[in-house]
1. Six or more apart or on different chains, Cβ atoms under 7 Å: show the pairs whose first residue is in the range 475-499 and closer than 13 Å to Met50 by Cβ and whose second is surrounded by 13 or more Cβ atoms within 10 Å (Cβ to Cβ) and of a type in the set (S, T, N, Q).
2. Limited to the range 485-515, what total is found for residues that are at pLDDT 95 or above and surrounded by fewer than 10 Cβ atoms within 10 Å (Cβ to Cβ)?
3. Scan Ile287, Ile302, Ile320 and give me the residue that is at pLDDT 85 or above, over 19 Å from the mean Cα position of the chain (by Cα), farther than 30 Å from Met150 by Cβ and surrounded by 20 or more Cβ atoms within 10 Å (Cβ to Cβ).
4. Go over the candidates Arg230, Arg240 one by one and state the one that is surrounded by 17 or more Cβ atoms within 10 Å (Cβ to Cβ), more than 30 Å from Ile33 (Cβ to Cβ), at pLDDT 50 or above and of a type in the set (Lys, Arg).
5. I'm trying to understand the selection: among the residues of the range 331-385, which are open to solvent by 50 Å² or more (accessible area, probe 1.4 Å) and closer than 16 Å to Cys286 by Cβ?
6. For the range 330-367, which residues satisfy the criterion of being more than 19 Å from Asp403 (Cβ to Cβ) and touching a residue at least 40 places away in the same chain (Cβ under 8 Å)?
7. If you go through the range 108-140 one residue at a time, how many are touching a residue at least 60 places away in the same chain (Cβ under 8 Å), in contact with a Phe, Trp or Tyr (Cβ under 6 Å, 6 or more places away or on another chain) and aromatic (Phe, Trp, Tyr)?
8. In the range 458-484, what residues are open to solvent by 50 Å² or more (accessible area, probe 1.4 Å) and not in a loop (DSSP other than H, G, I, E, B)?
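The values are calculated or read from the model by the stated rules, or taken from the named source; none is laboratory data. This structure is a prediction, so every number in the text was calculated from the model and none was measured. Neighbour counts run over all protein chains shown; Cβ positions are idealised from the backbone, glycine included. For accessibility, only protein heavy atoms count, side chains too; no ligands or nucleic acids. Shrake-Rupley method; radii C 1.70, N 1.55, O 1.52, S 1.80 Å.
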Amino acid sequence: SGESGAGKTESTKLLLQHIMNLCKGNLQLEQQILQVNPLLEAFGNAQTVMNDNSSRFGKYIQLSFHKNTVRGAKLSEYLLEKSRVVQQDIRERNFHIFYYMFAGLSTEEKEMYGLLDPSFYRYISGQFGTEDVVQHWKHKYEEVCNALDMVGFQEQEQVDMQAILAGVLSLGNVTFEPEESNGSVKVSGVSQGWLKAAAVNVLSQLVCWVPYSPWSPSVSCSSCPCADARDSIAKVAYGRVFGWIVCKINELLAENMDPEVELREIGILDIFGFENFAVNRFEQLCINLANEQLQHFFNHHIFQLEQAAYKEEELPWETITFNNNEPVLNLLLAKPLGLLSLLDEQSAFPQATDKTFVDKLNSSFKGNLHFEPGRGHVLGFSILHYAGKVQYTAGGFLEKNRDTLPANINGLFINSITPLLSMLQLLLQDIVHWALRVLCLAELLVFLCPHQHSLMVLMERLYSASPHFVRCIKPNSQKEPGVVDSQLVLLQLCYNGLLETIRIRRDGFSWRPSFEEFAER
C-alpha cells in the first residue's frame with residue numbers, strides 16, 4: 001500500500017521475481033506469470049497527475065504452491081476505472097493501449113481499423129506525444145502483441161480486440177442534435193462517418209425520445225440521454241475487453257494438478273493508492289474508500305490483535321494509541337445512513353439529482369467531525385480521511401453509481417458482427433447475478449454500487465489470510481529520481497501509523513514461538 005506513485009506496482013513485480021527465483025521449478029509457468037504484466041499495464045494503467053504509470057484497477061495475484069514450487073496462479077481484478085475511457089482531466093491520459101496502438105500499428109492496419117490522426121479523437125483529448133515518447137509507445141505496443149500471443153489470443157481475436165478499441169474511439173466523436181419535427185434527438189450529420197466507423201447497427205439504438213416537460217423546456221445535446229448512452233457503450237465495451245484478457249490469463253496460468261493435492265498459497269494485492277487531485281470525483285471516493293479499508297485492516301492486525309494478545313497473557317503492557325479510522329468508515333459505509341447508503345437511496349429515485357444528494361449529505365452529517373459541506377459555487381463536500389482532507393466534486397455521482405447501460409443497448413453486444421463482443425456479452429451475463437441488486441428505471445438496467453460489492457469480496461479475502469504489509473513511501477511529488485522531500489516522507493510515516501508501528505515493535509514481543517518450539521530450543 002501507499003500513495004499513488006509510491007511504487008506499489010514496481011514493488012509487486014520485484015516481489016514476484018524474487019518469489020520465482022526462490023522457487024525453481026516450472027520455468028515456463030514462472031516466465032508466463034512475469035510476462036503478463038505488460039498486458040495488464042497496457043490495458044489497466046494510465047498517466048495521471050501523480051504518476052505516469054498509475055494502476056487504474058486493483059489486482060490480487062494468487063500463487064499456488066506444491067512442495068515449494070509454483071504450480072499455478074490466478075488473477076482477480078477490482079474496480080477498473082472505466083470512466084477514464086470517456087473523460088480525463090488536464091495533464092492526464094486515457095489508458096496506455098490507445099496510444100500504443102496509434103504508435104505501433106502500420107498505415108495499412110490503421111486504415112483497416114478506420115483510425116485517423118489521433119488529434120481527431122475526443123476520448124483521448126486530441127493528445128499525443130513527442131517523437132521520443134512515440135518511439136517508447138511503439139516498443140510497448142510490440143511488448144503487448146508478444147504478450148497477447150503468449151497468453152493465447154488467436155490472431156482473429158487480436159484483430160477483433162483492436163477493432164473494438166478503434167470503434168470505442170470513433171464512438172466518442174458521435175454527437176447529437178434535436179429533430180425539430182417531433183422533439184426527438186438524432187445523430188448529427190457531421191457524426192455519421194464516426195458512427196459508421198464505430199458500428200453501423202448502433203444508429204437506431206442511439207436515437208432517443210426526449211419528451212417535453214415544463215421542467216426541461218430545452219434539450220442540451222451534450223448532456224442528453226443519447227450522450228450518456230454513447231459513453232456507457234464505450235465504457236462497457238472496454239471493461240469487457242479488459243475482463244476477457246484477465247479470463248485468458250487465468251486459463252493460461254491455471255494449475256494442472258490433481259484436485260486431491262493440497263496446495264499452499266501466497267496472495268499479493270497491488271491496488272491503487274490514496275489520491276487527492278485538484279478535482280476529485282466519484283472514482284477518487286471509491287479509491288480512497290479502498291485505502292481507508294486497507295488502513296483499518298492494517299490497524300486491526302498491527303495494533304488491536306497484537307495488544308489484545310498481550311492483555312490476554314497478562315503481560316505488563318502500556319496501551320499504544322493509534323489513529324483509528326473507524327469513524328471515517330462509519331461515515332462512508334454505515335447503514336442506513338452512511339454516505340454510500342444515501343447515494344444508493346438517491347440513485348433509486350429517477351427525479352434525484354447530484355444536488356439533492358449533496359443536500360441530503362449536508363443534513364445527515366451536520367456536526368460530523370469527518371465531514372465538511374462544500375464551499376463556494378462548486379457542488380461538493382469534503383471528507384477528512386486518515387491521509388488528509390479531500391474535497392470531492394459531486395457532479396456525476398448518481399450517474400456513475402448507477403453504472404447505467406440502456407436495456408436496448410444490451411442486445412447490440414449479442415447481435416454484434418464482431419465475434420469477440422458477442423462472446424463477451426454471453427460470458428459476462430453473470431454480472432447481473434454479481435451486482436448487489438438490480439432495478440429497472442426508465443428502461444435502464446441499474447446495478448447499484450458494484451464498487452461496494454467488489455470491495456466487500458476483496459476485504460473478505462484479506463481477513464481470511466495471514467497478512468504481511470509492504471508500505472511504499474513516495475519520496476517526492478515531482479516524479480523525480482534521487483530527490484527526497486523529508487516533510488512529505490514524514491507526513492506519510494505519520495498518517496500510515498508507521499511511527500506507532502515502530503514503537504509496538506520496539507516495546508512488544510516480535511518472536512512468538514509455540515510452546516513446542518520454545519521447549520525444543
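1. Within 7 Å, the pairs are Leu488/Asn476; Leu488/Ser477.
2. 2
3. Criteria check complete, one pass: Ile302.
4. The unique qualifying residue is Arg230.
5. Leu333
6. Leu331, the sole residue that qualifies.
7. Total meeting the criteria: 0.
8. Answer for the range 458-484, where residues must be open to solvent by 50 Å² or more (accessible area, probe 1.4 Å) and not in a loop (DSSP other than H, G, I, E, B): Glu460, Arg461, Tyr463.
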